[in-house]
Each structure stands twice: as C-alpha cells, then as structure tokens.
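Student: So that we are looking at the same thing, I have put the structure below in structure tokens.
Here, each number is a calculation from the coordinates, and none is a lab measurement. Keep in mind that this is a model prediction, so the values were computed, not measured. Ideal geometry is used to build each Cβ from the backbone, glycine not excepted, and the neighbour counts take in all protein chains shown.
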Amino acid sequence: MRESFFRQVYEVVARIPPGKVVTYGQLAIYLGSPRAARTVGWAMTSVPPELDLPCHRVVDRAGRMAPDHVFGGAAIQRSLLESEGVGFDAEGRIDLDEHLWAIGPDSVGQIVA
C-alpha cells in the first residue's frame, strides 16, 4: 500500500508546473486519502534522486517551506521557487491565492494505482 501511494504522489509531483505549488494535504485529498498529509511528507523525504522530481514545489498548508533538513534548508527551496516566479509575503510564505496549482484530472491525468 505505502509503495503504491508513494508512487502516486511522485506521479502528481512530476506534473506540477513551474511557478505553481501544491500542499501536502492537497496531494493527500487528490489521491483519495484526506488524512494522509503526513504520509505525503514521508513520500517527499523518500524520493529516489533518479526521479529528479520538482519536490521544492510541495509546501505546507500555510505556504511555508519544508523543514530545514529538506533541500538543504528553506533558503534553497525558496530560491528555487523564486527562480520560477513564485512570490512570497512579508512572513516568507507563498502567496497561495496566486501560486497554488489546482490539481484535477485535466491537469494530471489518470493516476495509476
């Protein structure tokens, strides 16, 4: 179960367009497991490097960066997002009204179970 869920997370993350972000909870809801935001986080910390996923585009529900042990620190994640045109407020949070990606069948396609 966990491996297939992780694979589904990776399939969606691979499709997040530059300049957009998704939240852990948003991914969990889209994948049919609304209480699995933490599991999405575990999936993100377990991404095999060879997948070369845009993991920096996954943030918490308030638009904050991942914990410091991920990406080499929040500053690196922020730099990657800023290079894609993602804007931040005075508290360092992403403007989710502008940059949140609306995950849907038209944007992701069929998820393989």
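Student: Principal axis extents for the range 2-108, Cα atoms only, whole Å, descending order, please.
Tutor: Ordered largest first, the range 2-108 gives principal extents of 37, 28, 23 Å.
Student: Can you put HIS99, HIS69, HIS56 in order, fewest other beta carbons within 10 Å first?
Tutor: Values: HIS99 20, HIS69 8, HIS56 23.
Ranking HIS99, HIS69, HIS56 by Cβ neighbours within 10 Å, fewest first, gives HIS69, HIS99, HIS56.
Student: Something else about it: Return GLU82, GLU91 ranked ascending by Cβ neighbour count within 10 Å, so the fewest neighbours appear first. Can you show the working numbers first?
Tutor: Values: GLU82 11, GLU91 8.
Taking fewest neighbouring Cβ atoms as first place, the list is GLU91, GLU82.
Student: Only Cα pairs within less than 10 Å get springs; with that Gaussian network setup on the chain, which residue of VAL22, VAL47, VAL86 has the largest fluctuation?
Tutor: VAL47
Student: Taking the chain as the reference, fit the longest principal axis to its C-alpha atoms, fit the long axis of helix 74-83 to the helix C-alpha atoms, and give the angle between the two in degrees, 0 to 90, nearest 10.
Tutor: 90
Student: To continue, here is another question. What is the dipole size for the range 2-108, taken about its Cα centre, with +1 at each Lys and Arg Cβ and -1 at each Asp and Glu Cβ, in debye to the nearest 20? Could the numbers behind the result be given before it?
Tutor: Numbers: 11 positive and 14 negative charges, 85 e Å.
Once rounded to the nearest 20, the dipole reads 400 debye.
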